[in-house]
Amino acid sequence: MAEPRVSSIDGKLAEEFAAPSHVDEVKEKMATFARRHAEAGRRVVLITSGGTKVPLESRTVRFLDNFSSGKRGASSAEYFLDAGYAVIFLHRHRSLHPYSRTFSAVNMLDTLQFNAGEVVVNQQVLPNIAKVLKRYREVTDGKLLLPVDFNTLSEYLHLLKAAAQALSTIGSKAMFYLAAAVSDFYIPASEMPEHKIQSSNGPLQLTMNMVPKILSPLVKDWAPKAFVISFKLETDASILLEKARRALDTYRHQVVVANVLDSRRGYVMVVTPTSQDEVVLSKEDAKNEVEIEERIVTNLTAAHDHFITQQAG
Ligand code: PMT
């Protein structure tokens with residue numbers, strides 16, 4: 001019997017990135033979740049969300065992080081749920097979460113008050129709480145949302161691989177929506193100092209290795225039938241489209257959502273091998289609190305429909 005294909009990235013993952021101890025357990029949970037929903041006629045989207053933490057010492061005092069709040073992933077999860085998808089939400093620990101994200105800036109104690117000795121919610125401070133809570137309960141009672149958290153780059157890489165393998169059983173019904181901001185650089189465990197780097201040694205110079213592009217084995221080996229969307233973030237708008245096209249060319253997946261750091265809440269480009277759609281929020285949209293993720297999700301669920309029909313034909 002032929003051995004399953006092992007890419008060089010698989011080897012690198014095993015050698016240089018410590019797998020979290022619960023990875024097999026989480027993989028089983030994700031596989032069960034995907035199977036159950038696919039059998040019920042639902043599609044399943046795996047959303048990655050938030051930044052990754054890259055340690056500089058093995059007994060970590062310091063690490064490199066990035067700007068990502070997780071807002072894109074958390075709000076998109078809600079719109080995918082509204083569109084009838086089941087959602088695996090692979091997110092950075094303590095980044096924004098679907099539903100509770102709306103209240104992330106509020107101090108919990110300011111939302112509560114005493115009423116005849118009982119603690120009750122002050123709905124003036126949380127005007128949408130009843131609506132949000134109702135939807136959250138529907139989603140959790142229906143077991144439609146599976147949150148899985150990660151902290152470090154290593155955890156992210158291993159859990160994404162596990163998710164891809166878990167979802168491979170449902171073929172084209174699976175969508176990958178890779179909105180996390182993943183570090184491109186890391187220090188291999190073998191080169192990392194064990195103890196806290198001493199400032200008494202003078203200025204710090206770091207040499208970091210390149211993180212393997214996980215998109216490559218995901219598309220080719222781990223979930224080859226799935227509908228895959230990567231994101232491309234730049235700060236220079238003039239190179240964005242070219243970079244998105246190059247990513248599609250290199251990885252051969254279906255869609256790149258391209259965005260610029262400063263304008264990402266109001267403008268993105270949805271790029272496929274044959275098209276490019278601008279998704280823009282108008283001033284009117286902003287006034288009505290429309291979120292760009294709602295438009296992105298509408299665009300992508302239609303593209304996923306089309307993809308599934310093509311695969312079946
Ligand atoms: O969280 P918010 O504050 O709401 O911000 C949202 C966002 C700007 C983070 C999001 O919209 C976004 O653009 N996410 C991707 C940012 C990013 O990492 O871009 P990139 O060009 O470095 O990576 C491109 C793609 O390659 C990503 O989809 C990533 O999943 C994938 N990748 C990256 C590194 C790596 N080692 N392997 C990968 O497969």
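The values are calculated or read from the model by the stated rules, or taken from the named source; none is laboratory data. These numbers were taken from a predicted model, which means no experiment stands behind them. Neighbour counts run over all protein chains shown; Cβ positions are idealised from the backbone, glycine included. The protein model used for the area step is the full one, side chains on, heavy atoms only, and it has no ligands, DNA or RNA in it. Shrake-Rupley method; radii C 1.70, N 1.55, O 1.52, S 1.80 Å.
Applying the selection to region 8-28, what residues are surrounded by fewer than 16 Cβ atoms within 10 Å (Cβ to Cβ), over 25 Å from D184 (Cβ atoms) and not hydroxyl-bearing (S, T, Y)? Hits for region 8-28 are H22, D24, E25, E28.
Yes/no per residue for (1) in contact with a His (Cβ under 9 Å, 6 or more places away or on another chain); (2) free of Cβ contacts under 8 Å to residues at least 60 places away in the same chain:
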| position | (1), (2) |
| --- | --- |
| S49 | yes, no |
| L81 | no, no |
| S104 | yes, yes |
| M108 | no, yes |
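Select from region 150-197 the residues that are within 15 Å of the ligand (Cβ to nearest atom) and surrounded by fewer than 18 Cβ atoms within 10 Å (Cβ to Cβ) and write down the one among them that is modelled with the lowest pLDDT. The selected residue is P188. Contact map, region 54-79: residues that are over 30 Å from Y136 (Cβ atoms) and more than 14 Å from the ligand (Cβ to nearest atom) paired with residues that are among the aromatic types (F, W, Y) and open to solvent by 40 Å² or more (accessible area, probe 1.4 Å), Cβ distance under 7 Å, separation 6+ or inter-chain. Pairs shown: P55/F63; L56/F63. I'd like to check something: does region 94-117 contain any residue that is within 16 Å of the ligand (Cβ to nearest atom), assigned to a strand (DSSP E or B), within 26 Å of F185 (Cβ to Cβ) and not aliphatic (A, V, I, L, M)? Looking through region 94-117, none of the residues is within 16 Å of the ligand (Cβ to nearest atom), assigned to a strand (DSSP E or B), within 26 Å of F185 (Cβ to Cβ) and not aliphatic (A, V, I, L, M).
Right, T207: assigned to a loop (DSSP other than H, G, I, E, B) and either away from the ligand (no atom under 13 Å from the Cβ) or more than 24 Å from L90 (Cα to Cα) (or both) or not? For T207, the condition - assigned to a loop (DSSP other than H, G, I, E, B) and either away from the ligand (no atom under 13 Å from the Cβ) or more than 24 Å from L90 (Cα to Cα) (or both) - is met.
Inside region 117-136, can you point out the residues that are β-branched (V, I, T) and open to solvent by less than 80 Å² (accessible area, probe 1.4 Å)?
Let us first name the residues in region 117-136 that are β-branched (V, I, T), namely 119-121, 125, 129, 132.
Listed by number, the residues that qualify are V120, V121, V125, I129, V132.
Residues that are on the phi < 0 side of the Ramachandran plot and loosely packed, with under 14 Cβ neighbours inside 10 Å within region 94-103 comprise just one, S100.
Just one of the numbered conditions (1) touching a strand residue (DSSP E or B) at 6+ places or on another chain (Cβ under 8 Å); (2) open to solvent by 30 Å² or more (accessible area, probe 1.4 Å); (3) closer than 24 Å to L64 by Cα is not true of G202; which one? Tallying (1) touching a strand residue (DSSP E or B) at 6+ places or on another chain (Cβ under 8 Å); (2) open to solvent by 30 Å² or more (accessible area, probe 1.4 Å); (3) closer than 24 Å to L64 by Cα, G202 fails exactly one: (1). Within region 249-293, the set of residues being within 11 Å of the ligand (Cβ to nearest atom) and farther than 21 Å from G73 by Cβ comprises just one member, T250. Look through region 267-312, keep the residues that are in a helix (DSSP H, G or I), without any contact (Cβ under 8 Å) to a residue 12 or more places away in the chain and open to solvent by less than 60 Å² (accessible area, probe 1.4 Å), and return whichever of them is nearest to L248 (Cα to Cα). Looking at residues that are in a helix (DSSP H, G or I), without any contact (Cβ under 8 Å) to a residue 12 or more places away in the chain and open to solvent by less than 60 Å² (accessible area, probe 1.4 Å), I get A302. Are any of the residues in region 216-230 closer than 29 Å to P55 by Cβ and part of a loop (DSSP other than H, G, I, E, B)? Checked region 216-230: at least one residue is closer than 29 Å to P55 by Cβ and part of a loop (DSSP other than H, G, I, E, B). Considering region 29-74, the residues that are outside any loop (DSSP other than H, G, I, E, B) and among the aromatic types (F, W, Y) include one that is surrounded by the fewest Cβ atoms within 10 Å (Cβ to Cβ), namely F63.
Residues of region 231-248 being part of a helix (DSSP H, G or I), away from the ligand (no atom under 11 Å from the Cβ) and of a type in the set (D, E, K, R), which ones? Matches in region 231-248: E242, R245.
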